[in-house]
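Here it is, the structure in full.
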Ligand SMILES: NC(=O)c1ccc[n+]([C@@H]2O[C@H](COP(=O)([O-])OP(=O)(O)OC[C@H]3O[C@@H](n4cnc5c(N)ncnc54)[C@H](OP(=O)(O)O)[C@@H]3O)[C@@H](O)[C@H]2O)c1
């Protein structure tokens with residue numbers, strides 16, 4: 001696993017929005033980024049879980065965390081616009097957007113996939129990403145060095161039987177990442193990549209593989225060097241890439257415009 005000795009002030013004065021920050025990998029991003037000095041804005045579905053992350057961060061870095069409960073399955077474009085508008089009242093710009101929230105949906109053959117679960121999964125995993133990203137772009141453009149990370153999956157790069165809407169949603173995420181990265185490569189300072197965390201010990205992983213020993217999987221914490229590196233100045237030339245956290249090697253990515 002990649003290691004990165006991130007300085008404690010790596011994210012000082014950076015404002016970073018994280019979706020799905022109430023649990024799993026997103027929660028670990030929230031506490032880790034706050035420990036490295038960031039102001040974090042945390043979106044999640046459960047207010048109770050968000051409040052517990054809030055308390056944890058307040059104990060580390062007081063006055064640097066905002067929480068907002070949201071349910072992406074029922075939000076409309078105007079809700080996303082309102083959310084980002086209230087963010088703009090607190091921050092001059094947005095330096096990071098971690099599009100991490102996700103739902104698993106069902107694992108059944110396409111032939112039997114229920115259309116309501118299909119639609120909800122696409123809504124939560126794709127449409128929320130599009131709307132939040134679209135609303136956030138003006139704020140991201142105000143940062144000198146913004147980063148957007150789309151959180152993907154191995155099944156978003158190679159289809160797998162019975163992963164249905166989840167796999168399709170992650171393919172869509174890769175397409176959105178590539179399209180936006182190409183649009184912004186020469187016209188903005190925003191650097192955009194997708195990241196597949198790989199098998200990680202979380203609630204989602206346990207739901208997907210109930211017979212597996214959860215302790216056999218790497219923890220969210222073990223992924224943090226990759227996330228921190230991708231937010232660091234050193235990663236400035238990494239753009240438009242589909243990255244695997246478990247195989248991350250920054251030397252693989254050549255500087256831009258060579
Ligand atoms: N864990 C793995 O092995 C693995 C592997 C590959 C990719 N990934 C990807 O990594 C990301 C994080 O996964 P994880 O394993 O950390 O998952 P997790 O522990 O299940 O956490 C998912 C997060 O998304 C939020 N969320 C779910 N539905 C939502 C909705 N309708 N509206 C708003 N927020 C919602 C959850 O909020 P509440 O908890 O408040 O409901 C939670 O904060 C996902 O995009 C996942 O696809 C994970």
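Please verify whether residue 84 is assigned to a strand (DSSP E or B) and without any contact (Cβ under 8 Å) to a residue 60 or more places away in the chain, treating the condition exactly as stated.
Details: assigned to a strand (DSSP E or B): no; without any contact (Cβ under 8 Å) to a residue 60 or more places away in the chain: yes.
For residue 84, the condition - assigned to a strand (DSSP E or B) and without any contact (Cβ under 8 Å) to a residue 60 or more places away in the chain - is not met.
In region 3-12, is there at least one residue being in contact (Cβ under 8 Å) with a residue 40 or more places away in the chain and within 18 Å of the chain's Cα centre (by Cα)?
Step one: of region 3-12, the residues in contact (Cβ under 8 Å) with a residue 40 or more places away in the chain are 3-4, 6, 10-11.
In the following step, the residues that additionally are within 18 Å of the chain's Cα centre (by Cα) were identified as 11.
Yes.
Just to be sure I understand, how many residues within region 201-237 are out of contact with any helix residue (DSSP H, G or I) (no Cβ under 7 Å at 6 or more places or on another chain), surrounded by 16 or more Cβ atoms within 10 Å (Cβ to Cβ) and farther than 20 Å from residue 101 by Cα?
1
To continue, here is another question. Looking only at region 107-120, count how many residues are more than 9 Å from the ligand (Cβ to nearest atom) and either part of a helix (DSSP H, G or I) or in contact with a strand residue (DSSP E or B) (Cβ under 8 Å, 6 or more places away or on another chain) (or both).
8
Right, another one. Would you confirm whether any residue within region 91-107 is more than 20 Å from the chain's Cα centre (by Cα) and more than 15 Å from residue 16 (Cα to Cα)?
Step one: filter region 91-107 for residues more than 20 Å from the chain's Cα centre (by Cα), giving 92, 106-107.
Retained after the next criterion (residues that are more than 15 Å from residue 16 (Cα to Cα)): 106-107.
Looking through region 91-107, at least one residue is more than 20 Å from the chain's Cα centre (by Cα) and more than 15 Å from residue 16 (Cα to Cα).
Determine which single condition residue 104 fails, assuming it passes every other condition in (1) in contact with a strand residue (DSSP E or B) (Cβ under 6 Å, 6 or more places away or on another chain); (2) outside any helix (DSSP H, G or I); (3) near the ligand (Cβ under 9 Å from one of its atoms).
So residue 104 meets the others, but not (1).
crowded, with 21+ Cβ neighbours inside 10 Å and part of a loop (DSSP other than H, G, I, E, B): which single residue out of 17, 42, 94, 50 fits that description?
Numbers: 17 fails: part of a loop (DSSP other than H, G, I, E, B); 42 fails: part of a loop (DSSP other than H, G, I, E, B); 50 fails: part of a loop (DSSP other than H, G, I, E, B).
Exactly one of 17, 42, 94, 50 is crowded, with 21+ Cβ neighbours inside 10 Å and part of a loop (DSSP other than H, G, I, E, B), namely 94.
Looking at (1) surrounded by 21 or more Cβ atoms within 10 Å (Cβ to Cβ); (2) over 25 Å from residue 222 (Cβ atoms); (3) away from the ligand (no atom under 15 Å from the Cβ), which one does residue 63 not meet, given that it meets all the others?
Every condition holds for residue 63 apart from (1).
Related question: Which of the numbered conditions does residue 153 fail, given that it passes all the others? Conditions: (1) within 10 Å of the ligand (Cβ to nearest atom); (2) on the phi > 0 side of the Ramachandran plot.
Residue 153 satisfies all of (1) within 10 Å of the ligand (Cβ to nearest atom); (2) on the phi > 0 side of the Ramachandran plot except (2).
Now, a different point. I'd like the full set of residues that are more than 20 Å from residue 204 (Cβ to Cβ) and either crowded, with 17+ Cβ neighbours inside 10 Å or touching a strand residue (DSSP E or B) at 6+ places or on another chain (Cβ under 9 Å) (or both), limited to region 135-176. If you could, list the steps in order and put the result at the bottom.
Going through region 135-176, the residues more than 20 Å from residue 204 (Cβ to Cβ) turn out to be 135-148, 175-176.
Within region 135-176, 135, 136, 137, 139, 140, 143, 145, 146, 147, 148, 176 meet the criteria.
Scanning for something under 21 Å from residue 176 (Cα atoms), within 16 Å of the ligand (Cβ to nearest atom), crowded, with 21+ Cβ neighbours inside 10 Å and modelled with pLDDT of 95 or more, does region 71-82 turn up at least one residue?
yes
Further question on the same structure: Mind listing whichever residues of region 23-55 are within 14 Å of the ligand (Cβ to nearest atom), in contact with a helix residue (DSSP H, G or I) (Cβ under 7 Å, 6 or more places away or on another chain) and without any contact (Cβ under 8 Å) to a residue 60 or more places away in the chain? Outline the logic, then answer.
The initial filter retains those residues of region 23-55 that are within 14 Å of the ligand (Cβ to nearest atom), namely 23-32, 40-54.
From the residues that got through so far, the ones that are in contact with a helix residue (DSSP H, G or I) (Cβ under 7 Å, 6 or more places away or on another chain) too are 23-25, 27-32, 40-42, 44, 53.
Listed by number, the residues that qualify are 30, 31, 40, 41, 42, 44, 53.
Another one. May I ask you to list the residues in region 175-218 that are in contact (Cβ under 8 Å) with a residue 60 or more places away in the chain, in a loop (DSSP other than H, G, I, E, B) and more than 10 Å from the ligand (Cβ to nearest atom)?
Residue satisfying the conditions is 185 alone.
The values are calculated or read from the model by the stated rules, or taken from the named source; none is laboratory data. These numbers come from a predicted model, not from an experiment. In this analysis, Cβ positions are derived from the backbone assuming ideal geometry, glycine residues included, and neighbour counts consider all displayed protein chains.
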